[in-house]
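The values are calculated or read from the model by the stated rules, or taken from the named source; none is laboratory data. None of these values were measured; they are calculated from a predicted model. We place every Cβ from the backbone using ideal geometry, glycine too, and count neighbours over all the protein chains shown. When the accessible area is computed, the model is the full protein with side chains, heavy atoms only, and any ligands, DNA or RNA have been set aside. Shrake-Rupley method; radii C 1.70, N 1.55, O 1.52, S 1.80 Å.
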Amino acid sequence: MADVLNFKEKRWSLKGMTALVTGGSRGIGHAIVEELAGFEVAVHTCSRNQTELDQCLQEWKNKGFKVTGSVCDVSHRDQREKLMETVSSIFHGKLNILVNNAAKRMPKAAVEYTAEDISRIMSTNFESVFHFCQLSYPLFKASRYGRIVNISSNSSVVAIPSVSAYEASKGAVNQITKNLACEWAKDNILVNAISPGLIRTSLIESGKQV
Ligand SMILES: NC(=O)c1ccc[n+]([C@@H]2O[C@H](COP(=O)([O-])OP(=O)(O)OC[C@H]3O[C@@H](n4cnc5c(N)ncnc54)[C@H](OP(=O)(O)O)[C@@H]3O)[C@@H](O)[C@H]2O)c1
C-alpha cells in the first residue's frame, strides 16, 4: 500500500513548478488555483478586487498553500505587463504553467453591443490570452518547460442567443490556441484549451457583470 501511495504521489506531484492563473478569486479559476497548490505548485493569481483577493490569499495561507496574488485588470495591456513583471520577479524569471482563465460574458442582443462593449470583451477574453502567452514565452523558455491552458467555452462552437460577442471571443481563443500549439511545441511549450459546459458561478449568475 505504501508503495502504491508513493507511486501516486510521485506520478502526480508538481512540486517545484510555478504557475500563473488569471481570475483566481472566484469560480473555476479559484478551483484551479487550489488544485495546483494542492499539488505543491507555487501559484500567482490576480483579479480586480483587492479585498476579495486578500481574503482568498489568507484562506490559502491557512490551508498551507503557496499562493501569491496581485490586482490586475487583464483587459489593460499595461496592467498585464506589470503583472508579468511581478510574476517574473517572484518566480526568478521562470514560469512553467499559465492558465488564462479570467473572462467576461456581458449578455445582450447582438444589435445592442456598443463599440466599447465589443472592445472590452475582446480585450478581456482574447487579447489578454494572446498577450499573456507572449509575455510568458521567455519565462517558459528559461524554464525549458511550458504548459498553457486557455479556458475557452463549449459555447464557442455553438450559438447561444445573447452572448454573441463572448462566443466570438472564445472562438478566437480556440484559434490562437491551435496556432501557438503548432509554433511552440518545438520549445516544449504545450498549448491547450479547455471548453467547460455550464457551471454555476458568478459569471453565469450575475447577468450584469462589470
Ligand atoms: N461558468 C461557466 O458556466 C463557464 C462555462 C464555460 C466557460 N467558462 C469560462 O471559465 C472561465 C472562468 O469563468 P467563471 O465562471 O469561473 O467566472 P467567474 O465566477 O465570474 O470568475 C471570474 C474570475 O475572473 C476574475 N476577473 C474577471 N474579469 C477580470 C479582469 N478583467 N481582470 C482580472 N480578473 C478578472 C474575477 O474577479 P474580479 O471580478 O474581482 O476581477 C473572478 O476571479 C472564463 O474564461 C469563462 O469564460 C465558464
The simple spin-label model distance between LYS141 and GLU205, using points 7 Å out along Cα→Cβ, in nm, is 4.4 nm
Top to bottom by accessible area (1.4 Å), largest first, where do TRP60, TRP184 land? TRP184, TRP60
Just want the answer: with Cβ charges of +1 for Lys and Arg and -1 for Asp and Glu, which residue in THR68, GLY29, ASN188 is farthest toward the dipole's positive end in the chain? ASN188
Amide H contacts under 5 Å for GLY24, placed H, 5+ residues apart: CYS46
Quick one: putting +1 on the C-beta of Lys and Arg, -1 on the C-beta of Asp and Glu, what dipole do you get for the chain around its Cα centre, in Debye to the nearest 20? 400 debye
Heavy-atom accessible area order for THR68, THR177, THR51, largest first, 1.4 Å probe: THR51, THR68, THR177
From most to least accessible, 1.4 Å probe, no ligand or DNA/RNA atoms counted, PHE126, PHE39, PHE132, PHE91 line up as PHE39, PHE126, PHE91, PHE132
Rounded percent of accessible protein surface that carbon and sulfur make up, the chain, 1.4 Å probe: 55 percent
Estimated inter-spin distance, LYS66 and ASN179, nm [label 7 Å along Cα→Cβ]: 3.5 nm
Among TYR145, SER162, MET122, which residue has its Cα furthest toward the positive end of the charge dipole of segment 15-198, with +1 on Lys/Arg Cβ and -1 on Asp/Glu Cβ? TYR145
Work out from phi, with θ = phi - 60° and the Karplus expression 6.51 cos²θ - 1.76 cosθ + 1.60, the ³J(HN,Hα) of each residue of segment 64-77, listed in order in whole Hz, and give x for Gly and Pro. x, 7, 9, 10, 10, x, 8, 6, 7, 8, 5, 6, 9, 4
Please work out the Cα center distance from segment 46-91 to segment 155-210, rounded to the nearest Å. 22 Å
Cα-projected label distance for GLU52 with VAL158, points at 7 Å along beta-carbon direction, nm: 2.7 nm
Taking the Kirkwood radius as the inverse of the mean 1/r across Cα pairs, report the Rg/Rh of the chain. 0.98
Distance cut-off 27 Å, Cα to Cα: go down the list LYS63/LYS186; LYS15/LYS61; LYS104/LYS141; LYS15/LYS186 and report the pairs above it. LYS63/LYS186; LYS104/LYS141
From the residues GLY38, SER13, PHE132, which one has its Cα farthest along the dipole of the chain in the positive direction, the dipole being from +1 and -1 charges on Cβ of Lys/Arg and Asp/Glu about the Cα centre? SER13
List the extent of the Cα atoms of segment 31-134 along each of their three principal axes, largest first, rounded to whole Å. 49, 27, 22
Sequence order, segment 35-43: Karplus ³J(HN,Hα) from phi using 6.51 cos²θ - 1.76 cosθ + 1.60, θ = phi - 60°, Hz rounded, Gly and Pro as x, gives 5, 5, 4, x, 8, 6, 6, 7, 10
Provide the FRET efficiency to the nearest 0.05 for the ILE118-GLU35 pair, computing r from the beta carbons and using R0 = 30 Å. 0.35
If the cut-off is 16 Å between C-alpha atoms, which aspartates and glutamates fall inside it for LYS82, apart from same-chain ones fewer than 8 positions away? ASP73, GLU127
Interchain or long-range residues, amide H under 5 Å from ASN150's placed H: ASN100, ASN192, ALA193, ILE194
When ligands, DNA and RNA are left out and all protein chains stay put, how many square angstrom of accessible area per residue does the chain have with a 1.4 Å probe? 54 Å²
Report the full-extension gain for the segment ALA109 to ASP187: residue separation times 0.36 nm, less the Cα-Cα distance, to one decimal in nm. 23.8 nm
